[in-house]
Amino acid sequence: MKDSKVGTYSFVAEPFHVDFTGKLCMGVLGNHLLNCAGFHATERGFGMAEINEDNYTWVLSRLAVEMEDMPAQYDEFSVDTWVENVYRLFTDRNFAIYGKDGRSYGYARSVWAMINMDTRKPADLLTLHGGNIVDYIETEKPCPIEKPGRIKVGSCMPMRSVEMHYTDIDINGHVNSIKYIEHIMNLFPLDWYAGHVVRRFEMAYVAESYYGDTLSFFREEKEDGSFDIEVRRNVGGENPEGEVVCRSKLKFDNK
């Protein structure tokens, strides 16, 4: 498997992974995608455990997911993942999600950086393991969705503020990247999801947040019907504007 440029991993949409409509939750899908990225990297010698030994870690910078449909409860599905490009400071990783019958559910694009865990500065990927990460670049497999775009929010009033607690925090002591997705999805009421489905979901991660931080969520509807969202930590007090930690864009279709 490690000699292949594309990794394929199988899943089942468990009952506790679906929402009230019986479809896989976006946060669960995002978690599967990140796990597949980890599996693929580990099998090829540049996984988290290996680079942690040299005091480095992978961080997710951008994620765009575009789905025609979501797996339903008990559906078996698989995720393909591959590295499309490697630059000095970033790498592009793509995903394709398929049903057991070979149908295409959708695709995803992501951008990653490797940083020093002490300095938080990015590492030179082209020198990793003698530069052999480039041996796994796959340019022939298509990923027919747009790359993540620019997200700009003009709203100055938060829709909601949420304090970060135990279940929001990952092994690095930061708010888990998937938790942002879950909190953003909660900005829309249940009856909205009864009549709409997410077609495209984008995340742009800007800074880290921590246990005890209060995250404020700003939402703005655009002319095309999409929603741009900005998340800031600890708005008010000495820093009235807070600090931007991530931005997101959601595009919905009517059911």
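How much length is gained if the chain between N132 and Y166 is pulled fully straight, taking 0.36 nm per residue apart and subtracting their Cα-Cα distance, in nm to one decimal? Kindly include the intermediate steps, with their values, before the conclusion.
Values: separation 34, 0.36 × 34 = 12.24 nm, distance 3.81 nm.
Taking N132 through Y166 to full extension adds about 8.4 nm, to one decimal.
Under the 0.36 nm per residue contour assumption, what length would be gained going from the current alpha-carbon distance of E146 and V12 to full extension? Can you show the working numbers first?
Values: separation 134, 0.36 × 134 = 48.24 nm, distance 2.71 nm.
Length gained between E146 and V12: 45.5 nm.
Across the stretch 50-133, what fraction of all alpha-carbon pairs, as a whole percent, falls in each successive 5 Å bin from zero upward?
All Cα pairs considered, the percentages come to 3, 13, 20, 18, 14, 11, 10, 8, 3, 0.
Which of the GluC sites (Glu not before Pro) across the stretch 205-239 are loop residues per DSSP, with 15 or fewer other Cβ within 10 Å? Don't jump to the answer; show the numbers that get you there.
Working: sites: E208, E220, E221, E223, E230, E238; in loops: E208, E223, E238.
In loop regions of the stretch 205-239 (DSSP not H, G, I, E or B), the sparsely surrounded GluC sites (Glu not before Pro) are E223, E238.
If you keep only loop residues by DSSP, which chymotrypsin sites (Phe, Trp or Tyr not before Pro) in the stretch 1-107 have at most 13 other Cβ atoms within 10 Å of their Cβ?
Passing sites in the stretch 1-107 are F20, Y74, Y87.
Name the GluC sites (Glu not before Pro) in the stretch 1-92 that are in a loop by DSSP and that have at most 12 other C-beta atoms within 10 Å, would you? Walk me through the numbers on the way to the answer.
Numbers: sites: E43, E50, E53, E66, E68, E76, E84; in loops: E53, E68.
Sparse-neighbourhood loop GluC sites (Glu not before Pro): E53.
Taking only C-alpha pairs under 8 Å that are 6+ residues apart, what is the relative contact order of the stretch 90-172 in percent? Working shown, then result.
Details: 64 pairs, mean separation 17.8, N = 83.
Normalised by residue count, the contact order of the stretch 90-172 is 21 percent.
Computed over the Cα atoms of the stretch 109-178, what is the ratio Rg over Rh, Rh following Kirkwood? Present the calculation step by step, with values, prior to reporting the outcome.
Working: Rg = 17.9 Å, Rh = 16.8 Å.
Here Rg/Rh amounts to 1.07.
Can you give me the pair-distance distribution of the chain, C-alpha pairs, 10 Å bins, whole percents?
Result returned by the calculation: 7, 29, 36, 23, 6, 0.
In percent, how large is the relative contact order of the chain, given Cα pairs closer than 8 Å and 6 or more residues apart? Each step should come with its number before you reach the end.
Details: 528 pairs, mean separation 44.7, N = 255.
It comes to 18 percent, rounded to a whole number.
Using +1 on the beta carbon of Lys and Arg, -1 on that of Asp and Glu, and nothing else charged, what's the dipole of the chain about the Cα centre, debye to 20?
Working: 28 positive and 40 negative charges, 83 e Å.
In debye, rounded to 20, the chain gives about 400.
Can you tally the net charge around L24? Count Lys and Arg as +1, Asp and Glu as -1, for every other residue whose Cβ sits under 11 Å from the Cβ of L24.
On the way: positive: K23; negative: E14, D19, D69, D75.
Net charge around L24: -3.
We did not get these values from a lab; they are worked out from the coordinates using the rules stated. Everything numeric here is computed off the predicted structure, so don't read it as measured data. No Cβ is skipped: glycine too gets one built from the backbone with ideal geometry, and neighbour counts run over all protein chains shown.
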